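Below is one structure, written out as structure tokens; comments come after it.
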Amino acid sequence: MTNTYDENLVYLERYAAGDPSAEDELVRRNSGLVNGIAHRFKGRGVEFEDLVQIGTIGMIKAIRSFDLSRGNAFSTYAVPLIIGEIRRFLRDDGIVKVSRIQKRTGAALMHAREQYIAEYGVEPRLEELAQTVGISPEEAAAALDSASPVRSLSETIGDDDFSLEDVIPSSDDELGKMVEKIALREMIGTLPPLWKKIILLRYFRDYSQQQTADALGLTQVKISREEKKIFSKLRENLA
């Protein structure tokens with residue numbers, strides 16, 4: 001289910017009016033946001049389910065303290081509370097570590113990619129790589145993401161003078177920037193499968209438009225057109 005700010009607003013108004021069931025519905029509808037943040041803290045010796053439970057406490061605090069009169073997006077408001085709750089639980093401000101399993105899987109995928117290119121001369125599709133290693137495309141995407149170095153959203157990607165930061169409102173507050181990035185990540189998760197694959201390949205795998213087109217079995221023109229639609233949609237949702 002795709003959740004928008006307007007849908008959250010309906011339930012926040014119901015909660016403010018004294019409907020306790022609205023809180024449970026808000027937690028359910030925004031579970032993806034909590035899960036996404038909890039994933040960032042995996043590998044610190046705490047079970048993922050426990051991280052989700054602690055993050056949910058932050059979500060509940062956000063619901064109970066959200067000020068409808070300010071006109072903020074609920075997800076943007078909730079993110080720092082969820083992160084803060086998990087950090088307090090961990091009592092650790094160190095860098096999030098990637099699990100050994102994900103590192104090994106990411107390395108296996110990269111090796112399989114190199115072999116595929118050497119044999120066929122083109123980039124493999126994500127589904128083909130995943131099948132080679134024996135995992136799902138979603139698991140493959142996560143492993144490849146964890147194996148990639150952290151990059152700035154302001155960095156120019158590929159062969160275009162373009163970056164993901166172009167769609168994020170500017171902010172002088174570092175926490176605000178982090179919130180916007182997580183909000184962007186949440187919105188990307190609601191996009192159609194093709195658009196998510198394009199973003200993964202173009203802005204996380206650093207593929208050119210032509211390489212992306214080859215990997216997805218499309219034309220470069222099609223990728224260019226879809227990118228314009230993607231960024232138009234993201235700008236609209238972040239406005």
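Tabulated data for the structure shown
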read-out	value
Theoretical gain in end-to-end length, THR219 to SER31 [0.36 nm per residue, Cα-Cα removed]	64.1 nm
Per-residue HN-Hα couplings for the range 39-56 [Karplus 6.51, -1.76, 1.60; θ = phi - 60°; Hz; x = Gly/Pro]	4, 5, 10, 5, x, 10, x, 10, 4, 4, 4, 5, 4, 5, 5, 5, x, 5
Long pairs among LYS197/LYS233; LYS42/LYS196; LYS196/LYS222; LYS197/LYS228; LYS61/LYS196, criterion Cα-Cα beyond 21 Å	LYS42/LYS196; LYS61/LYS196
Cα→Cβ-extended label distance, 7 Å offset, between LYS196 and SER69, nm	3.9 nm
Contour excess over end-to-end distance, with Cα ends at LEU9 and LYS61 and 0.36 nm allotted per residue	17.1 nm
Karplus (6.51, -1.76, 1.60) ³J(HN,Hα), θ = phi - 60°, over the range 104-113, in Hz, Gly and Pro reported as x	5, 5, x, 5, 5, 5, 5, 5, 5, 4
Cα-only Debye scattering, the range 7-64: base-10 log of I(q)/I(0) at q = 0.16, 0.31 Å⁻¹	-0.50, -1.22
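None of the figures in this text is laboratory data; all of them are computed from the coordinates on show. Values in this document were obtained by computation on a predicted structure and should not be read as measured data. Please note: Cβ atoms are built from the backbone with ideal geometry, for glycine as well, and neighbour counts cover all protein chains shown.
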